[in-house]
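Okay, so here's the structure we're looking at.
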Amino acid sequence: MLFAQKSGAEKRRLFREGLKSGKLLRFPGAFSPFISMIIEQAGFDGVYISGAGIANDLGLPDIGLTTQSEVVARGRAISRTTELPSIIDIDTGFGEPMSAARTVQELEDAGLAGCHLEDQMNPKRCGHLDGKALVPADEMIRKVSAAAKARRDQNFVIIARTDALAVEDFDRA
């Protein structure tokens, strides 16, 4: 099969059902359509599209240098080659809350099932690197809220991710 037969809406619905099932969902990482096809053939539940994987595949460090258009294009290419739901790392959402909102709509149009959005300040740093700084909590709340309100399909999953543990103690995280 050259292209997936399931629509983005169908993949999002199935992903939501999977999340409600109580079953552990296995989403190995992919940075290319070829890898996503292998993940599907191996019988996994979905595809995780890593921001670090995309950046590194483009020859860039994972410090927020990829653009929204590059990430959406890679997500679209991966999503169209698998029947599995795909979730993608959108780093800090490519700017302010309205940028995160636009990104969510672009991802829906590209057939993705969800994304995760992190709370770092720009320039962001890969999760395992030192030197991270966080945006204030109220700013992150505005960004997640704008992203959620921008959804046209309520089955599109937005995952708020924090790097606070690397910056603050466990209780504050």
Q | Given (1) modelled with pLDDT of 75 or more; (2) open to solvent by less than 60 Å² (accessible area, probe 1.4 Å); (3) not basic (Lys, Arg), number of the condition residue 129 does not satisfy | A | (1)
Q.
Give me the residue from the stretch 132-156 that is of a type in the set (Lys, Arg), open to solvent by 50 Å² or more (accessible area, probe 1.4 Å) and part of a helix (DSSP H, G or I) and, out of that set, nearest to residue 92 (Cα to Cα).
A. 142
**Q.** Lone unmet requirement of (1) β-branched (Val, Ile, Thr); (2) modelled with pLDDT of 95 or more; (3) open to solvent by 40 Å² or more (accessible area, probe 1.4 Å) for residue 63
**A.** (2)
Q: Please specify each residue of the stretch 73-107 satisfying the condition of being in a loop (DSSP other than H, G, I, E, B), open to solvent by less than 10 Å² (accessible area, probe 1.4 Å) and under 18 Å from residue 46 (Cβ atoms).
A: 82, 90
Q: Might you let me know whether the stretch 108-120 holds any residue that is assigned to a loop (DSSP other than H, G, I, E, B), surrounded by fewer than 21 Cβ atoms within 10 Å (Cβ to Cβ) and not charged (D, E, K, R)?
A: yes
Q: Being more than 17 Å from residue 157 (Cβ to Cβ), in contact with a helix residue (DSSP H, G or I) (Cβ under 7 Å, 6 or more places away or on another chain) and not in a loop (DSSP other than H, G, I, E, B) narrows it down to one of 38, 54, so name that one.
A: 54
Q. Restricting the search to the stretch 148-164, which residues are touching a strand residue (DSSP E or B) at 6+ places or on another chain (Cβ under 7 Å) and modelled with pLDDT of 95 or more?
A. 148, 156, 157, 158, 159
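Listed residues 10, 17, 70; which is in a helix (DSSP H, G or I), open to solvent by 40 Å² or more (accessible area, probe 1.4 Å), closer than 21 Å to residue 90 by Cβ and among the acidic types (Asp, Glu)? First the steps, then the outcome.
Working: 10 fails: closer than 21 Å to residue 90 by Cβ; 17 fails: closer than 21 Å to residue 90 by Cβ.
Of 10, 17, 70, the one residue that is in a helix (DSSP H, G or I), open to solvent by 40 Å² or more (accessible area, probe 1.4 Å), closer than 21 Å to residue 90 by Cβ and among the acidic types (Asp, Glu) is 70.
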Q: Within the stretch 20-54, work out how many residues are open to solvent by 20 Å² or more (accessible area, probe 1.4 Å), of a type in the set (Ser, Thr, Tyr) and within 15 Å of residue 80 (Cβ to Cβ).
A: 1
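The values are calculated or read from the model by the stated rules, or taken from the named source; none is laboratory data. Model, not experiment: these values are computed from the prediction. All Cβ positions, even for glycine, are placed from backbone atoms using ideal geometry, and neighbour counts span all protein chains on display. For the accessible areas, the whole protein counts, side chains as well, though only heavy atoms, and no ligand, DNA or RNA atoms are used. Shrake-Rupley method; radii C 1.70, N 1.55, O 1.52, S 1.80 Å.
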